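What follows is a single structure, written as structure tokens, with notes after it.
The values are calculated or read from the model by the stated rules, or taken from the named source; none is laboratory data. As the structure is a prediction and not an experimental result, all values here were calculated from the model. Note: ideal-geometry Cβ built from the backbone for every residue, glycine included; neighbour counts use all protein chains shown. Areas reflect the complete protein model, heavy atoms only, side chains present, ligands, DNA and RNA absent. Shrake-Rupley method; radii C 1.70, N 1.55, O 1.52, S 1.80 Å.
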Amino acid sequence: MAESMTGLKRSHRCTEVSNQLIGEKVTVMGWVQKRRNLGSLIFVDLRDRSGLLQIIFDEETIGTEGFEKAEKLRNEYVIAVVGTVEQRSGAVNQNLKTGDIEIKAEELRILSESETPPIPIDANLKVKDEVRLKYRYLDLRRPNIQRNLIIRSKVAMLVRNFLAEEGFLEIETPMLTKSTPEGARDYLVPSRVHPGSFYALPQSPQLFKQLLMCSGYDRYFQIVKCFRDEDLRADRQPEFTQIDMELSFVDVDDVIDVNERLLAKIFKEILDVDVALPIPRMTWQEAMDRFGSDKPDMRFGMELTDVTEVVKDCDFVVFKGAIEAGGTVRGINATGQGNLGRKKIDVLVKFAKDFGAKGLAYIQLKSDGSVKSSFAKFMKEEEMTALIDAMGGKPGDLLLFAADKNAVVYDVLGNLRLEIAKKYDMIPEGEFKFLWVTEFPLLEWNEDENRYTAMHHPFTMPMEEDLQYIDSDPGRVRAKAYDIVLNGTELGGGSVRIFQNDIQEKMFECLGFTKEEAHERFGFLLEAFKYGVPPHAGLAYGLDRLIMWMTGEDSIRDVIAFPKVKDASCLMTEAPAPVDDIQLNELQIQLDLEDK
């Protein structure tokens, strides 16, 4: 039967008790992690969010009634213990912060009993994610998950303090906004007061933070929930958290400077990692040419090499056809993998096809000096030698080639580079390689819609020197946009914003919007721009992704308290769920669903 804690006050968390307190009386509270009954003595590992502390119960000290109560303890009982701190009587446990002490109990209260948990409260839990997330309130008790959420809290506090010192103001923006369907799908919220009309949950506070710059707040930030109705991956959730900021009277270098110092502070304070400043910068085009990705993992080499000129006169139809169609031939050198068996190479070929390749040409430079190639019979000996030399090939290397349109070649080799590095342990452990990727294309061609779309959003400033091409060759125009990348993951991105009406109108024209359509979607922002708008720029981080990298987790679900699964549902609460007809009637919504 549960007891009251009346008259008791916790004096310390478990790991706040140290050998400095030996001989003192303390009151600790928490969960029973483990109980060992040795007959005359009962040992209990008490757990709270700080860690573990050993409690000893002996009948002489705690009395018969207290000892009998201790015999009833089971895992996950919530207890309060009053006792004296002593030097540990047994061997010191070097793995515990409190491994050299223990508490000799003088009073025990059972505050809450527990049934046997459906999952063990263990850092090395080996159960399916579906089971963990169904019992998330128990999963959250595990020390590694608690560590992640404690780190997340500390990072949020550091961000707030740092940005406040830099003159930023924390200002909240609305959760119920207008739908502006350009990009990912919105989550919609029906209005009861305005039947047939809907709010949208924000995909980002973009328009509101620009309005705050129009209103003269100069430097804004917010740690804010955002929502996107899109398919999920390991690093994606329907609701996620951004560290969002906007600055007035700045250009690219100003935004990068404040964010480099922010990142350096976070990594030093939390992980004791020194981020070397300034962080290297690379243009989007260079990143694509060298790594096949706009978020390159800089921890290892295996860079792409353009061999179009080397093979342009060869008779290999795959290379020749790609070049004649305006594409390129590029390769990567998987150093040290030249002795892979045929089956393993076939797996790589299949992987490349999943990313749009029609095939994957290869040259194996075996350790014994022999050469095996999938296309050698179509190449003259001097052509093959020139190709191997261009790739820096040496005995023991595996050379892999893709030939197609640039976009396909980048996608194939960029992903293949990552796959080989992961599969064959070519990525160094414990390194944090930051990179700014800059000068993104302003626009990208959408084949499905037969029009240009904004690579970032419609308010991104073109580079001044490229404005001359905006009518004649829009795809050539670069943006004053920048992403911060860590170990192959985009942590955040931003841009300088358009603040001149003529450039904004030209941007909407490039995107295929009429003036009426632009005003219908973004009228309140365009109206505000009539009344004096400062030059401004901003950036937003994915807080979940940042914490995932800092904690070494593979999924953002392990750094979010209550995440969703792949179909955007919550296994614990069973959301989303049907609602009553009364609620639907109030909203004047009628469902037209096929019977399942």
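Of note:
- Scanning the stretch 217-231 for residues that are open to solvent by less than 60 Å² (accessible area, probe 1.4 Å) and more than 20 Å from the chain's Cα centre (by Cα) turns up R219, Y220.
- Screening the stretch 93-119 for residues that are free of Cβ contacts under 8 Å to residues at least 40 places away in the same chain and farther than 24 Å from G23 by Cα and picking the one that is surrounded by the fewest Cβ atoms within 10 Å (Cβ to Cβ) gives E115.
- The one condition from (1) at pLDDT below 90; (2) more than 30 Å from D129 (Cα to Cα) that D554 does not meet is (2).
- The stretch 397-422, residues that are more than 17 Å from A376 (Cα to Cα) and open to solvent by less than 10 Å² (accessible area, probe 1.4 Å): V409, V412, L413, G414, L416, R417, I420, A421
- Every test in (1) part of a loop (DSSP other than H, G, I, E, B); (2) open to solvent by 40 Å² or more (accessible area, probe 1.4 Å) is passed by G393 save one, and that test is (2).
- Selection status of F524, touching a residue at least 12 places away in the same chain (Cβ under 8 Å) and touching a helix residue (DSSP H, G or I) at 6+ places or on another chain (Cβ under 7 Å): no
- Residue satisfying all of: in the stretch 171-211; assigned to a strand (DSSP E or B) and aromatic (F, W, Y); most open to solvent (accessible area, probe 1.4 Å) among these: F198
- When the stretch 136-170 is filtered for residues that are part of a loop (DSSP other than H, G, I, E, B) and without any contact (Cβ under 8 Å) to a residue 24 or more places away in the chain, only R142 remains.
- Inspection of the stretch 232-247 finds a residue satisfying the criterion of being open to solvent by 50 Å² or more (accessible area, probe 1.4 Å) and over 26 Å from R497 (Cβ atoms).
- Selection count, the stretch 74-92, where residues are surrounded by fewer than 15 Cβ atoms within 10 Å (Cβ to Cβ) and either among the β-branched types (V, I, T) or in contact with a Cys (Cβ under 8 Å, 6 or more places away or on another chain) (or both): 1
- All helices (runs of 4 or more DSSP H) inside the stretch 282-385 with 3 or more residues being of a type in the set (A, V, I, L, M) and within 30 Å of L486 (Cα to Cα): 342-354
- Flag if L125 is surrounded by fewer than 19 Cβ atoms within 10 Å (Cβ to Cβ), within 24 Å of the chain's Cα centre (by Cα) and touching a residue at least 60 places away in the same chain (Cβ under 8 Å): no
- Being in contact with a Leu (Cβ under 8 Å, 6 or more places away or on another chain), assigned to a strand (DSSP E or B) and either open to solvent by less than 40 Å² (accessible area, probe 1.4 Å) or more than 20 Å from S112 (Cα to Cα) (or both) is a property that I62 lacks.
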